[in-house]
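Contents: one structure, followed by commentary.
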Amino acid sequence: MTNALKEAIAEVARLPEAAQDKIGEELLVHVDKLRRPRAKLDKGIKSLDRGEGRELDIKDVIKRARAQHGSA
């Protein structure tokens, strides 16, 4: 554990229990958001390793992205 995280936890420990719970919940949500992209990448890599990849048409990818995100 880093010194910054140790210091933050020590500071949070001085707060009322309700505040500690809220901060803990928010921290867990944040950690989950950080882990999700890695899990998706790992899943994709395993899929490619199994030979399940396919060639993409970059123009089609751009067209779908623009349609999904509303870009021109």
*asked:* Let me spell it out: the conditions are (1) basic (Lys, Arg); (2) surrounded by 10 or more Cβ atoms within 10 Å (Cβ to Cβ); (3) not in a helix (DSSP H, G or I), and Lys63 meets all of them except one. Which number is the exception?
replied: (3)
*How do the pairs read when you match residues in region 51-67 that are without any contact (Cβ under 8 Å) to a residue 24 or more places away in the chain with residues anywhere that are part of a helix (DSSP H, G or I) and surrounded by 10 or more Cβ atoms within 10 Å (Cβ to Cβ), using Cβ under 7 Å and keeping only pairs 6 or more apart or on different chains?*
Gly53/Ser47
*Residues in region 32-50 that are within 30 Å of Val12 (Cα to Cα), surrounded by 10 or more Cβ atoms within 10 Å (Cβ to Cβ) and among the hydrophobic types (A, V, I, L, M, F, W, C): how many?*
1
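Bear in mind these aren't lab numbers, they're just calculated from the coordinates by the rules spelled out. Nothing here was measured: the structure is a model prediction, and the numbers come from that model. Cβ atoms come from the backbone with ideal geometry, glycine included; neighbour counts cover every protein chain shown.
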